[in-house]
Amino acid sequence: MSSIKNFQVTFDCADPERVARFWCEVLGYVVPSPPDGFDTWDDYNRSLPPENQGSWFACMDPSGQGPRMYFQRVPEGKVAKNRVHLDVRVGTGLVGEERLAVLEAECARLIALGAVCVQVLRADEENESCISMQDIEGNEFCLD
């Protein structure tokens, strides 16, 4: 039997720090300490060649349970739907109107941070409600 592997989730984006800080707010993640020898991330970035400054940023689960999130600058913009997306689990264990109210409250909080609500999918005979959204650079995710 093989062992379970740790993993990180990587986002291609135009502005790594901005997108990382958005996801910190979404997930309750934190920005790790800057590399040894640097007091701040700005100090670290200034030490890099100009073309590498701001080229990546990361955030992490402060409890150490969730995957690290890594954001890397790429030259091209997003042009198609994500093949993989995150489901942010805010309604776990809730059903019906109570679940929908929690999802809608979180949706409103994230819209204030720059997210976009794409579609509210209401419960039916098979599925509970969820909300499709986009982050500040258009990456799809769901509130579930």
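The values are calculated or read from the model by the stated rules, or taken from the named source; none is laboratory data. No experiment lies behind these values; they were computed from the predicted model shown. We place every Cβ from the backbone using ideal geometry, glycine too, and count neighbours over all the protein chains shown. Accessible surface is based on the protein model in full, side chains and every heavy atom, while ligands, DNA and RNA are left aside. Shrake-Rupley method; radii C 1.70, N 1.55, O 1.52, S 1.80 Å.
Every residue in the stretch 91-115 that is under 15 Å from CYS142 (Cα atoms), open to solvent by 70 Å² or more (accessible area, probe 1.4 Å) and modelled with pLDDT of 95 or more, please. Once the filter is applied, which keeps residues that are under 15 Å from CYS142 (Cα atoms), open to solvent by 70 Å² or more (accessible area, probe 1.4 Å) and modelled with pLDDT of 95 or more, the stretch 91-115 yields GLU104, ARG109, ILE111.
Yes or no: GLY77 of a type in the set (Gly, Ala, Ser), within 15 Å of the chain's Cα centre (by Cα) and surrounded by fewer than 16 Cβ atoms within 10 Å (Cβ to Cβ)? Answer is no for this residue. Within the stretch 125-141, restricting attention to residues that are open to solvent by 40 Å² or more (accessible area, probe 1.4 Å) and of a type in the set (S, T, N, Q), which residue is farthest from VAL9 (Cα to Cα)? Ranking the qualifying residues of the stretch 125-141, first place goes to ASN127.
Checked against the criterion of being of a type in the set (Val, Ile, Thr) and closer than 26 Å to ASN6 by Cβ, the candidates VAL79, VAL118, VAL84 yield just one match: VAL84. Here ASN139, ASN127, ASN82 are screened, and the one residue that is touching a residue at least 60 places away in the same chain (Cβ under 8 Å) and not small (Gly, Ala, Ser) is ASN139. For the stretch 95-124, residues that are hydrophobic (A, V, I, L, M, F, W, C), over 22 Å from PHE11 (Cα atoms) and either free of Cβ contacts under 8 Å to residues at least 12 places away in the same chain or part of a strand (DSSP E or B) (or both) total 5. Evaluation of PRO34 against the conditions (1) in contact with a Phe, Trp or Tyr (Cβ under 9 Å, 6 or more places away or on another chain); (2) open to solvent by less than 80 Å² (accessible area, probe 1.4 Å); (3) closer than 26 Å to ASN139 by Cα shows that the sole unmet condition is (3). Pairs linking a residue in the stretch 4-25 that is in contact (Cβ under 8 Å) with a residue 60 or more places away in the chain and part of a helix (DSSP H, G or I) to a residue that is open to solvent by 60 Å² or more (accessible area, probe 1.4 Å) and among the aliphatic types (A, V, I, L, M), with Cβ atoms under 7 Å and 6 or more positions apart or on different chains, are PHE22/LEU113; GLU25/LEU113. Counting only residues that are in a loop (DSSP other than H, G, I, E, B) and touching a helix residue (DSSP H, G or I) at 6+ places or on another chain (Cβ under 7 Å), the stretch 125-144 holds 5 of them.
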